[in-house]
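These notes are about the structure you will find just below.
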Amino acid sequence: MQLVFLTALGVGGATVAGALIGFIFKNISHRFSNLVISFAAGIMLSAAFLGLILPSIEYGGRFGVLVAVLGILVGGVCINLSDRLVPHIHKLVGGEQKSSGRVKSVLLFVIAIGIHNLPEGIAAGVGFGAGDVEGAILIAAGIALHNIPEGMVIISPMLSACISPKKTFILALLTGLAEVVGTLIGYFAVSVAQAILPFALAFAGGAMLYVISEEMIPETHADGEAYRVTYAFLCGTCAMLVLDALMSV
């Protein structure tokens with residue numbers, strides 16, 4: 001349980017760490033941020049299959065594939081519905097809402113990140129609940145890498161909206177707290193009801209796949225340098241494969 005809590009703090013703390021970097025280095029290049037996000041996307045893609053979807057099929061037994069398919073689709077639909085209710089980063093950063101300086105729009109932006117952080121935390125927690133500690137740690141590492149640049153980009157819009165640095169940091173802290181809560185929810189839900197384990201694993205995998213495809217990849221390919229971020233994506237995927245192989249030895 002202690003390891004679960006420490007991992008939850010690490011995943012949520014990555015957003016806060018990114019926010020601190022955003023305070024200190026306000027001019028970090030968008031190109032570098034895209035490379036980090038794309039590398040994290042590669043890790044998360046491998047983790048979604050190796051640590052969530054394939055184990056879901058294995059634990060599901062005779063109907064494992066059907067349960068996994070259902071879980072993936074439901075996970076994707078849930079993230080899509082949250083997108084429709086509250087738009088996420090690529091719909092708010094760099095758009096009219098950012099330039100207008102309206103506090104209401106920026107707070108909507110922060111709430112959106114918090115909503116999206118919850119299922120990411122659940123993905124890490126479900127792995128621990130399944131007893132796959134190594135896989136859960138690798139999944140958490142990929143999510144944490146994604147959270148660092150995400151934490152970086154939330155600082156500038158809030159400061160430009162005349163929100164004080166203290167309140168800006170508190171809001172960034174709350175978005176990271178959503179990851180902690182999600183990790184604990186995923187862990188306890190699976191630990192209490194092992195019967196839902198195959199579906200929960202696939203659900204978390206589907207949520208991760210949706211975030212990768214709908215947000216991370218389009219965001220990193222929007223600047224006309226797709227080949228750079230594609231190589232970063234491939235490196236992230238390979239890094240996850242190598243780590244998984246090393247931890248299986």
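The values are calculated or read from the model by the stated rules, or taken from the named source; none is laboratory data. All figures in this text were calculated on a predicted structure; none of them were measured in a lab. Note that each Cβ is placed from the backbone with ideal geometry, even for glycine, and that neighbours are counted across all protein chains shown. The accessibility values were calculated without ligands, DNA or RNA, using every heavy atom of the protein model including side chains. Shrake-Rupley method; radii C 1.70, N 1.55, O 1.52, S 1.80 Å.
Observations on the model:
- Taking other residues whose beta carbon is less than 14 angstrom from the beta carbon of residue 13, and scoring Lys, Arg as +1 and Asp, Glu as -1, yields -3.
- The packing ranking of peptides 213-224, 131-142, highest mean first, is 131-142, 213-224, where packing means the average number of other beta carbon atoms within 10 angstrom of each residue.
- Residue-count net charge about residue 132 - beta-carbon cut-off 12 Å; Lys, Arg +1, Asp, Glu -1: -3
- Among 148, 163, the order of accessible area from largest down is 148, 163, computed with a 1.4 Å probe on protein heavy atoms.
- Pairwise FRET efficiency - residue 49 versus residue 189, Cβ, R0 = 25 Å, nearest 0.05: 0.70
- Label sites at residue 62 and residue 133, each approximated as a point 7 angstrom past Cα along Cα to Cβ, lie 3.5 nm apart.
- FRET efficiency estimate (nearest 0.05) - Cβ-Cβ, residue 196 to residue 81, R0 30 angstrom: 0.90
- Net length gained if the chain between residue 74 and residue 223 were fully extended (0.36 nm per residue, minus Cα distance): 50.5 nm
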